[in-house]
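Asker: Here it is, the structure in full.
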Amino acid sequence: MSLMVRIDLPPDLEEKLLTESSDLAAEVKEAYALELFRRGRLGHHDLSRMLGLDRFETDAYLKRHNVFEGSLTMEDLEADFQTLRNLRSEDR
């Protein structure tokens with residue numbers, strides 16, 4: 001099964017992006033896969049499969065993009081901050 005996604009861009013922007021990229025579709029696929037991994041919707045193995053990389057290549061890819069498995073997300077930090085705020089208000 002193959003999924004095709006269409007992105008509608010203004011013609012001038014489309015032309016600019018196509019001239020600046022040797023493979024725009026691959027860049028979009030990589031960016032989307034990386035974002036899914038960051039959100040926890042793709043695991044390491046699925047990211048590897050989606051990008052056609054082996055385990056070590058995937059590790060290097062993630063490192064190049066400053067993404068580390070198990071890293072806290074902004075949502076994690078905000079939830080922790082709210083928990084601390086709630087605990088402090090209970091102590092008063």
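Asker: Report whether or not L9 is outside any helix (DSSP H, G or I), surrounded by 10 or more Cβ atoms within 10 Å (Cβ to Cβ) and in contact with a helix residue (DSSP H, G or I) (Cβ under 9 Å, 6 or more places away or on another chain). Quick ask: steps written out before the conclusion?
Answerer: On the way: outside any helix (DSSP H, G or I): yes; surrounded by 10 or more Cβ atoms within 10 Å (Cβ to Cβ): yes; in contact with a helix residue (DSSP H, G or I) (Cβ under 9 Å, 6 or more places away or on another chain): yes.
The answer is yes for L9.
Asker: Can we say A33 is at pLDDT 95 or above and either touching a helix residue (DSSP H, G or I) at 6+ places or on another chain (Cβ under 7 Å) or among the hydrophobic types (A, V, I, L, M, F, W, C) (or both)?
Answerer: Values: at pLDDT 95 or above: yes; either touching a helix residue (DSSP H, G or I) at 6+ places or on another chain (Cβ under 7 Å) or among the hydrophobic types (A, V, I, L, M, F, W, C) (or both): yes.
Spelling it out, A33 is indeed at pLDDT 95 or above and either touching a helix residue (DSSP H, G or I) at 6+ places or on another chain (Cβ under 7 Å) or among the hydrophobic types (A, V, I, L, M, F, W, C) (or both).
Asker: Which ones in the range 44-59 are more than 15 Å from the chain's Cα centre (by Cα) and open to solvent by less than 70 Å² (accessible area, probe 1.4 Å)?
Answerer: G52, L53
Asker: Inspect the range 61-68 for any residue being open to solvent by 60 Å² or more (accessible area, probe 1.4 Å), among the hydrophobic types (A, V, I, L, M, F, W, C) and either closer than 22 Å to V5 by Cα or at pLDDT below 90 (or both) and give the result as yes or no. Give the steps one after another, and end with the answer.
Answerer: At the first step, the residues of the range 61-68 found to be open to solvent by 60 Å² or more (accessible area, probe 1.4 Å) are 63-66, 68.
From what's left, among the hydrophobic types (A, V, I, L, M, F, W, C): 68.
Filter once more, so that each one left must be either closer than 22 Å to V5 by Cα or at pLDDT below 90 (or both): 68.
Yes: the range 61-68 contains one or more residues that are open to solvent by 60 Å² or more (accessible area, probe 1.4 Å), among the hydrophobic types (A, V, I, L, M, F, W, C) and either closer than 22 Å to V5 by Cα or at pLDDT below 90 (or both).
The values are calculated or read from the model by the stated rules, or taken from the named source; none is laboratory data. These figures come from a predicted structure and were not determined experimentally. All Cβ positions, glycine included, derive from the backbone under ideal geometry; neighbour counts span all protein chains shown. The accessibility values were calculated without ligands, DNA or RNA, using every heavy atom of the protein model including side chains. Shrake-Rupley method; radii C 1.70, N 1.55, O 1.52, S 1.80 Å.
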